[in-house]
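Have a look at the structure below before the remarks.
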Amino acid sequence: MLFSRIKNVWDVQLRSKGNGQCQMPMPMLSLRNLVFRNTPIKLNPYANVILARQKHSLPIFFITSLFHQLNSPPNLLEAKRLHALLLVLGFFHPTSPHKSLPSQLVNVYVNFGSLHYAFLSFTQLPQKSNLAWNAILRALVGSSHFTHAIQFYHSMLRQGVTPDNYTYPLVLKACSSLRALEIGRWVHHIILYNEGKPNLFVQCAVIDMFVKCGSLEDARSLFDEMPVRDLASWTAMICGTVWNGECLEALALFRKMRSEGLKPDSVIVASVLPVCGRLEALNLGMALQGCALRSGFDSDLYVSNAIIDMYCKCGYPLEADRVFSYMVCRDIVSWSTLIAGYSQNRLYLESFELYVRLVNMGFATNEIIVTSVLSALGKLKLLKQGKEMHNFILKQGLFTDVVVGSAMIDMYANCGSIREAESIFEYMSDKDIMVWNSLIVGYHLVDDFQSVFLTFRKIWVAEHRPNYITLVSVLPMCTQLGALRQGKEIHGYATKSGMGLNVSVGNSLIDMYSKCGFLELGVKVFNQMMVKNVITYNTMISACGTHGLGEKGLVDRGWLLYNSMINDYGIKPDMEHYSCVVDLIGRTGDLVGAYKFITRMPVIPDANVLGSLLGACRLHNKVELAELLAEHIFQLNIEDSGHYVLLSNLYASGKRWEDMSKVRSLIKDKGLEKKPGCSWIQVGHCIFVFHATSTFHPELAKIEETLDSLFLVMKSEDYMLANLGFCSHVNDQLLT
């Protein structure tokens, strides 16, 4: 056999000294020295003699057979044997007429992932064809050596090699991976200079480079100039638009593609479905699911996972579960998507139960699953299971993830264990703004307003900057406390930082200004908002109703906003809108008008809508109507103590003490909790909050001593507490 005759030639070529004797294998060269080496490795002189004797005696059929073997050798060992054969037969000799075979060998080594031998073979080539250059470039890009790939491309140009249509996509991928937009533009200019009109494959690569470097404008300009756009070009443009977060633009492109008669493939469907979820475009998402079903790729794993995600984000987790249950093959993404979807849709028990199923089936847990389950445990107030999850996270080494750390703070805070939440916060070495936000929300959950503002100030000391989530977490507390000055300071920061345009921040500012008594500032924020959503209109209509008592102009403005929302912006009213309008009408004293509005609603009113009318009855002392409403409300919603309290206060204002006591007894019998009333005072930058019946204030003894002194002074000077709004039957209890 020829192979047995040349058994040691490979070692001779790569290990030989000047005297022809064999030595130890050549040490591994560095990547840069190996790839950019200018001089070929010297061949053994004895081998050169062999090559010179045999190079002219090869029949054509043998060369053809060798070419086919190099196309698809079965393994790396066979490739090395073919390499040795090429060396012996003179194919690496400078005078060899068969220059394509050695270049093809470089490509073979790259295909087998043997980059070291690929680089060595490349340096031995007497003449390097585009096949060899492209093979090395592909090896560098495939091994994530993107900077070396671009340097190698420069070297290729310096040596006078003209890139081809296989070269450009590789170097463009290196540019996109490095986000090197300017280098990518330079490569594009070279393409236009060399090719004039590049083929579709290259154009798609250029589009992909532009979108991944964040230049949608360049990508769209090139896309629009293309005379022919195939499915690959549409895929590159649509997926790139999704990549840059331009959801509406992605949907517009998808619809345009469909109008031109092209059918989406699984890649486009899997890319557009998450967009439908973010925009809550349920009908389009279901249409894409039907398209996948008709096209036969509904069983594609990526498509199925995207369908689950779409249903969860559109608020239909049970449909997502149906898709999940029909999947033949599920991966960890399938499980994590549904677990997170349950949690996002407040099906916390289902989220936790699915996690238990996952663990029992032996799947590994990742950060996404842990974060979702911690959220569910917090909402369910399952502190014991939350601590077990905490121990699991420590054992698995997941605690270093800031998202997991934030979720743990949220879990402990929701379970009322704010001290454990503080411990997690202090233990974390990497505290980004997400972690600070979690602690602020945690303090809010336990009504520790002073710690909220203290933590908010510490963010600046830690050289972080609040984001929009920070602002929408702190602003509601300014609203609750009537802390207008702090609210204005936050507004100023939001404006300077550009976050004032965020719709959630705008909604919180409207609510804060309106409830602090400055409706005109809330209206100003509303008018400046470029984007408005359902909550924006709810907040503004409610504000107009609150301030419109006795002011017809504000009530008319509320109606104007309600009608504009429907007619101008196409927003369909929901129960929150109906509740706001009932409150708006009822506050003016037009209880008949409010009742008529409820009867004309296209849907059955819920407890909140009826509760708004009940609140108007309390305001205008309409006891009989309130009793009828309360009976219906208690049947609809037996867990909200607020409606019971409204009715109780209505009885109290009418001095119907027996009825008031019955309602209060109902609250206790049903196990309902009434949130205690609170008051506050601001001293400097500190806000002190006092809850009814609370005895936890550090200065409680001094406060009680001062109050006793004030009561004695008031009693000695014959102050009548009834004039201050106290009920007469309570006065004696206060003064004893």
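The values are calculated or read from the model by the stated rules, or taken from the named source; none is laboratory data. Only a predicted model underlies this, so the values are computations on that prediction, with no experimental measurement involved. Please note: Cβ atoms are built from the backbone with ideal geometry, for glycine as well, and neighbour counts cover all protein chains shown.
Please find, among Glu367, Glu350, the residue that is within 23 Å of the chain's Cα centre (by Cα) and within 20 Å of His390 (Cβ to Cβ). Step through it out loud before you land on a result.
Working: Glu350 fails: within 20 Å of His390 (Cβ to Cβ).
Matching residue, one of Glu367, Glu350: Glu367.
Being among the small types (Gly, Ala, Ser) and surrounded by 16 or more Cβ atoms within 10 Å (Cβ to Cβ) is the filter; apply it to segment 498-514 and report the residue that is farthest from the chain's Cα centre (by Cα). If you could, list the steps in order and put the result at the bottom.
First, pick out the residues of segment 498-514 that are among the small types (Gly, Ala, Ser): 498, 500, 504, 506, 508, 514.
Narrowing the set further to residues that are surrounded by 16 or more Cβ atoms within 10 Å (Cβ to Cβ) leaves 500, 504, 506, 508, 514.
Numbers: Gly500: 21, Ser504: 16, Gly506: 21, Ser508: 22, Ser514: 31 Å.
Within segment 498-514, the match that is farthest from the chain's Cα centre (by Cα) is Ser514.
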Among the candidates Ile339, Ile393, Ile409, which residue alone is β-branched (Val, Ile, Thr), at pLDDT 95 or above and either more than 16 Å from the chain's Cα centre (by Cα) or over 18 Å from Gly315 (Cα atoms) (or both)?
Ile409
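Do the conditions hold for Phe456, that is, is it within 22 Å of Ile681 (Cα to Cα), in contact with a strand residue (DSSP E or B) (Cβ under 6 Å, 6 or more places away or on another chain), surrounded by 20 or more Cβ atoms within 10 Å (Cβ to Cβ) and touching a residue at least 12 places away in the same chain (Cβ under 8 Å)?
Values: within 22 Å of Ile681 (Cα to Cα): yes; in contact with a strand residue (DSSP E or B) (Cβ under 6 Å, 6 or more places away or on another chain): no; surrounded by 20 or more Cβ atoms within 10 Å (Cβ to Cβ): yes; touching a residue at least 12 places away in the same chain (Cβ under 8 Å): yes.
No.
Would segment 507-519 turn up any residue that is without any contact (Cβ under 8 Å) to a residue 40 or more places away in the chain and more than 26 Å from Gln450 (Cβ to Cβ)? Spell out the reasoning first.
First, the residues of segment 507-519 that are without any contact (Cβ under 8 Å) to a residue 40 or more places away in the chain: 507-519.
Checking the rest, the ones that are also more than 26 Å from Gln450 (Cβ to Cβ) come to 519.
Yes, segment 507-519 contains at least one residue that is without any contact (Cβ under 8 Å) to a residue 40 or more places away in the chain and more than 26 Å from Gln450 (Cβ to Cβ).
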Would you please name the residue that is nearest to Phe324 (Cα to Cα), looking only at residues in segment 290-303 that are in contact (Cβ under 8 Å) with a residue 12 or more places away in the chain and outside any helix (DSSP H, G or I)?
Ser299
In segment 207-229, the residues that are under 27 Å from the mean Cα position of the chain (by Cα) and not small (Gly, Ala, Ser)
Ile207, Asp208, Met209, Phe210, Val211, Lys212, Cys213, Leu216, Glu217, Asp218, Arg220
Within segment 452-481, which residues are touching a Lys or Arg at 6+ places or on another chain (Cβ under 8 Å) and either charged (D, E, K, R) or over 24 Å from Glu422 (Cβ atoms) (or both)?
Thr479
Pick out, from segment 482-572, the helices (runs of 4 or more DSSP H) lying fully within it that include 1 or more residues that are more than 24 Å from Ser612 (Cβ to Cβ) and out of contact with any Pro (no Cβ under 9 Å at 6 or more places or on another chain).
484-497, 503-515, 519-528
Given (1) among the hydrophobic types (A, V, I, L, M, F, W, C); (2) in contact (Cβ under 8 Å) with a residue 12 or more places away in the chain; (3) under 28 Å from Pro317 (Cβ atoms), identify the lone condition not met by Val211.
(3)
First in segment 365-376 and at positive phi, second anywhere and surrounded by fewer than 24 Cβ atoms within 10 Å (Cβ to Cβ) and assigned to a helix (DSSP H, G or I), Cβ under 8 Å, 6 or more apart:
none
Test result for Val161, surrounded by fewer than 18 Cβ atoms within 10 Å (Cβ to Cβ), of a type in the set (A, V, I, L, M) and under 21 Å from Val202 (Cα atoms):
yes
Counting only residues that are touching a residue at least 24 places away in the same chain (Cβ under 8 Å) and buried (at least 19 other Cβ atoms within 10 Å of the Cβ), which one in segment 592-608 is nearest to Glu631 (Cα to Cα)?
Ala607
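Given the criterion assigned to a helix (DSSP H, G or I) and farther than 30 Å from Asp410 by Cα, identify the matching residue among Ala287, Ala306, Ala340, Ala320.
On the way: Ala306 fails: farther than 30 Å from Asp410 by Cα; Ala340 fails: farther than 30 Å from Asp410 by Cα; Ala320 fails: farther than 30 Å from Asp410 by Cα.
Going through Ala287, Ala306, Ala340, Ala320 in turn, the sole match is Ala287.
Conditions (1) over 27 Å from His83 (Cα atoms); (2) aliphatic (A, V, I, L, M); (3) modelled with pLDDT under 90; (4) not in a helix (DSSP H, G or I), marked per residue:
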position: Ala135; (1), (2), (3), (4): no, yes, no, no
position: Leu172; (1), (2), (3), (4): yes, yes, no, no
position: Cys175; (1), (2), (3), (4): yes, no, no, no
position: Tyr193; (1), (2), (3), (4): yes, no, yes, no
position: Val202; (1), (2), (3), (4): yes, yes, no, no
position: Val206; (1), (2), (3), (4): yes, yes, no, no
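For segment 439-469, enumerate the residues that are among the β-branched types (Val, Ile, Thr) and out of contact with any Phe, Trp or Tyr (no Cβ under 7 Å at 6 or more places or on another chain). Before you say what the answer is, go through the steps one by one.
Step one: of segment 439-469, the residues among the β-branched types (Val, Ile, Thr) are 440-441, 446, 452, 455, 459, 461, 469.
Val441, Val446, Val461, Ile469 - these are the residues of segment 439-469 that are among the β-branched types (Val, Ile, Thr) and out of contact with any Phe, Trp or Tyr (no Cβ under 7 Å at 6 or more places or on another chain).
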Is it the case that segment 243-250 has a residue that's part of a loop (DSSP other than H, G, I, E, B), surrounded by fewer than 16 Cβ atoms within 10 Å (Cβ to Cβ) and free of Cβ contacts under 8 Å to residues at least 12 places away in the same chain?
yes
If you go through segment 251-288 one residue at a time, how many are surrounded by fewer than 19 Cβ atoms within 10 Å (Cβ to Cβ), hydrophobic (A, V, I, L, M, F, W, C), under 20 Å from the mean Cα position of the chain (by Cα) and within 21 Å of Asp298 (Cα to Cα)?
1
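Taking the options Leu471, Leu481, name whichever one is more than 24 Å from the chain's Cα centre (by Cα), buried (at least 18 other Cβ atoms within 10 Å of the Cβ) and closer than 25 Å to Gly517 by Cβ. Walk me through how you get there before you give the answer.
On the way: Leu471 fails: more than 24 Å from the chain's Cα centre (by Cα).
Checking each option against the conditions leaves just Leu481.
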Out of Arg485, Arg465, which single residue is outside the structural domain of Leu439 (by TED's automatic domain parsing) and in contact with a Ser or Thr (Cβ under 9 Å, 6 or more places away or on another chain)?
Arg465
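Here is a check on your reading of the model: is Pro94 free of Cβ contacts under 8 Å to residues at least 24 places away in the same chain and more than 19 Å from Leu140 (Cα to Cα)?
Working: free of Cβ contacts under 8 Å to residues at least 24 places away in the same chain: no; more than 19 Å from Leu140 (Cα to Cα): yes.
No; evaluated as a whole, the condition is false for this residue.
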Of the conditions (1) closer than 29 Å to Gly113 by Cα; (2) in contact with a Phe, Trp or Tyr (Cβ under 9 Å, 6 or more places away or on another chain), Trp234 fails just one. Which one is it?
(1)
For segment 529-538, indicate whether the set of residues that are surrounded by 20 or more Cβ atoms within 10 Å (Cβ to Cβ) and closer than 27 Å to His620 by Cα is non-empty.
yes
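Every residue, every condition in (1) on the phi > 0 side of the Ramachandran plot; (2) modelled with pLDDT of 85 or more, yes or no:
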position: Met529; (1), (2): no, yes
position: Ala543; (1), (2): no, no
position: Gly550; (1), (2): yes, no
position: Asn567; (1), (2): no, yes
position: Gly570; (1), (2): yes, no
position: Pro573; (1), (2): no, yes
position: Leu584; (1), (2): no, yes
position: Ile598; (1), (2): no, yes
